[in-house]
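Enquirer: This structure is in C-alpha cells; I'll ask about it shortly.
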Amino acid sequence: MDYNIFSIKDHVVAVTGGCGGIGSGISEGLAALGAKVAILDRDADKVGTVAGAIAEKTGSEVRGYAADITDEESVRDAFRQIFEDFGSVDGLINCAGITHVAPLSEMPMDRWQSVMDVNLKGTVICSKVAGKYMYESGGGSIVNISSLAATHGKPGYTAYTPSKAAVNGFTFTLATEWARLGINVNSISPVLVVTAINRDKIESDPTYLDNVLSTIPNGKLCSAETLVGPIAFLLSEAGSYVTGQNIGCDGGCQNGDIAVIKPYTSM
Ligand SMILES: NC(=O)c1ccc[n+]([C@@H]2O[C@H](COP(=O)([O-])OP(=O)(O)OC[C@H]3O[C@@H](n4cnc5c(N)ncnc54)[C@H](O)[C@@H]3O)[C@@H](O)[C@H]2O)c1
C-alpha cells in the first residue's frame, strides 16, 4: 500500500519570486521532493535560466514564467499558460516580495506604495487567479511567505511590517472563505535569511548579522532550505487539516523574547 501522506510528488506548485534567494531555494527543495514547479518572476531574463538549472539539478519538471504579480492581466496570462503546460495547479507559494527601510519622515510614498503593491496586492492577485485553477484541480494549498516582522515592529519598517501584517490578515480571511472549496491558506514567517533583499544592510554594517543572530533563540540563521519542510508539509495530505495559520519558522523568535531571557547554552 502506498501510504505516504507527506508526499508532494507530481503536485504542481507555482512559486512567485522564484528567481530570488528564498524563492529559488524553495523551488529547488520542492522539485527535489518530486513536485512539478512553475516559477513566476518579473525578472524575465533570469526566469528561464533559473527554472532550467533547477530542472537539471533535481530531474523534476520546472518551468519559468515572466510575470509582474502586481498586474492582474500578467498573472492571468502566466496561470493560463501554467494550467495548459501542467494540467493542474495544486499549490501556490506567494514568495515575491520587496522592502524599503527608512525613517517614516524620509519614506518616499511611492516606495511605500510599491512595498504594499508587491507584498500585499501581488499576494492577493496571485491567490485570486491561482485559486480558480486549484478549484478546477480539485483543491489546493496556498502558502504565503510572510515574516517575523509582521508581528514585531521595528524602526524603519513602516512599509514592510504593515504589508506583512496585512498578508497574515489576508491569510486568516481567505482560509475561512475557501475552506469548503478544499483550498487551504496558511502563511510561514521566516526570520532573517541572507538574500538580495537585505544585502545592502548587511554590507553597510559588519555587526548586523551577529546582532541578529544574538536575538534568535537557537542561535542559527534561517535559510530557504529550513523553509522547505514546513512548506512541503502544508502542501501535502499530512497538512490537510491545517488552514488559516501563520507558522513561525524562526528558531524560536515568534513567542520568545531573547532580549530579556538569556538562553542556556549547556545542560
Ligand atoms: N530575506 C529575508 O530575510 C526574509 C525574511 C522574512 C521574509 N522574507 C520574505 O521572503 C520573500 C522572498 O524574499 P527574498 O529574500 O528571497 O528576496 P529577493 O529579493 O532575493 O527575491 C525576491 C524576488 O521577487 C521578485 N519580485 C519582486 N517584485 C516582483 C513582482 N512585482 N512580480 C514578480 N516578481 C517580483 C524579484 O524579481 C526577486 O526574484 C519576500 O516576500 C520577503 O519579504 C524574507
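The values are calculated or read from the model by the stated rules, or taken from the named source; none is laboratory data. Computed from a predicted model, the values in this text were never measured in an experiment. For neighbour counting, all protein chains shown are included, and Cβ atoms are generated from backbone atoms with ideal geometry for every residue, glycine included. Just so you know, the surface numbers come from the protein's heavy atoms only, side chains and all, with ligands and any DNA or RNA stripped out. Shrake-Rupley method; radii C 1.70, N 1.55, O 1.52, S 1.80 Å.
Enquirer: At a Cα cut-off below 16 Å, give the aspartates and glutamates reachable from LYS220, other chains included and same-chain residues fewer than 8 away excluded.
Expert: Filter leaves ASP210, ASP250, ASP257.
Enquirer: Which whole-number percentage describes the relative contact order of the chain, with Cα contacts under 8 Å and a sequence gap of 6 or more?
Expert: Relative contact order, the chain: 19 percent.
Enquirer: Identify all lysines with a Cα-Cα distance to LYS132 below 18 Å; exclude those on the same chain that are fewer than 8 residues away in sequence.
Expert: By straight Cα distance, LYS132 reaches LYS121.
Enquirer: If amide hydrogens are placed 1.01 Å from N in the peptide plane, which non-local residues have theirs closer than 5 Å to the one on THR158?
Expert: Long-range HN contacts for THR158: ALA102.
Enquirer: Further question: Taking all protein chains together and a probe of 1.4 Å, list THR123, THR70 from the most accessible to the least accessible.
Expert: In descending accessible area the options line up as THR70, THR123.
Enquirer: Of THR16, THR49, THR99, which is the most mobile in a GNM of the chain whose springs link Cα atoms less than 10 angstrom apart?
Expert: Result: THR49 has the largest fluctuation of those listed.
Enquirer: In the chain, carbon and sulfur make up what percent of the accessible area (probe 1.4 Å)?
Expert: Of all accessible area on the chain, carbon and sulfur atoms account for 54 percent.
Enquirer: Mean residue ellipticity at 222 nm from the helices of the chain, using -39,500 (n - 2.57) per DSSP H segment of n ≥ 4 over the full residue count, to the nearest 500 deg cm²/dmol?
Expert: -12500 deg cm²/dmol
Enquirer: On a 1.4 Å probe surface of the protein chains, which of GLU203, GLU56, GLU72 comes out largest in accessible area, and what is the full order?
Expert: GLU56, GLU203, GLU72
Enquirer: If amide H atoms are built 1.01 Å from N in the plane of the peptide, which residues on other chains or at least 5 residues away come under 5 Å of the amide H of LYS36?
Expert: Excluding prolines and chain starts, which carry no amide H, the hits are ASP10, HIS11, VAL12, VAL13.
Enquirer: Ordering MET116, MET109 from largest to smallest accessible area (1.4 angstrom probe), what's the sequence?
Expert: Highest to lowest solvent-accessible surface, that is MET109, MET116.
Enquirer: Between THR265 and HIS152, what is the FRET efficiency for a Förster distance of 30 Å, r being their Cβ-Cβ separation, to the nearest 0.05?
Expert: 0.80
Enquirer: Same structure again: Before anything else, pin down the relative contact order of the stretch 1-134: Cα pairs under 8 Å, at least 6 apart, normalised by residue count, whole percent.
Expert: 25
Enquirer: Using a Gaussian network model of the chain with C-alpha springs under 10 Å, which one of SER147, SER187, SER214 is most mobile by mean-square fluctuation?
Expert: Among SER147, SER187, SER214, the largest GNM mean-square fluctuation belongs to SER214.
Enquirer: If the chain between THR176 and GLU72 were fully stretched, how many nm would it gain, using 0.36 nm times the residue separation less the Cα-Cα distance?
Expert: Gain on extension, THR176 to GLU72, equals 35.1 nm.
Enquirer: May I pose another question? Given charges of +1 on the Cβ of Lys and Arg and -1 on the Cβ of Asp and Glu, with all other atoms neutral, how large is the dipole of the stretch 88-241 about its Cα centre, in debye to the nearest 20?
Expert: With only Lys, Arg, Asp and Glu charged at Cβ, the dipole is about 240 debye.
Enquirer: Still on this model: Considering only protein heavy atoms, what is the solvent-accessible area of ASP110 at a probe of 1.4 Å, reported in Å² to the nearest 10?
Expert: It works out to around 110 Å².
Enquirer: Moving to a separate point now. Using a probe radius of 1.4 Å on heavy atoms only, what accessible surface per residue do you get for the chain? Whole Å² is fine.
Expert: Per residue, the chain has 49 Å² of solvent-accessible surface.
Enquirer: Do the alpha carbons of any pairs in LYS36/LYS154; LYS9/LYS201; LYS128/LYS201; LYS164/LYS201 sit beyond 29 Å of each other, and which pairs?
Expert: LYS36/LYS154; LYS9/LYS201; LYS128/LYS201
Enquirer: Return the equivalent ellipsoid semi-axes of the stretch 1-155 as a descending list in whole Å, where each equals the square root of 5 times an eigenvalue of the C-alpha gyration tensor.
Expert: Rounded to whole Å, the semi-axes are 28, 16, 16.
Enquirer: Compute for the chain: radius of gyration divided by Kirkwood radius, i.e. Rg/Rh, restricted to C-alpha atoms, rounded to two decimals.
Expert: On the Cα set of the chain, Rg over Rh gives 0.96.
Enquirer: Using +1 on the beta carbon of Lys and Arg, -1 on that of Asp and Glu, and nothing else charged, what's the dipole of the chain about the Cα centre, debye to 20?
Expert: Value, rounded to 20: 520 debye.
Enquirer: Using the charge dipole of the chain (Lys, Arg: +1 at Cβ; Asp, Glu: -1 at Cβ; taken about the Cα centre), state which of ASN255, MET107, GLY239 has its Cα farthest towards the positive end.
Expert: Farthest along the dipole direction, towards plus: ASN255.
Enquirer: Pick from LYS57, LYS46, LYS128 the residue whose mean-square fluctuation is largest in a GNM of the chain, springs joining Cα atoms under 10 Å.
Expert: LYS57
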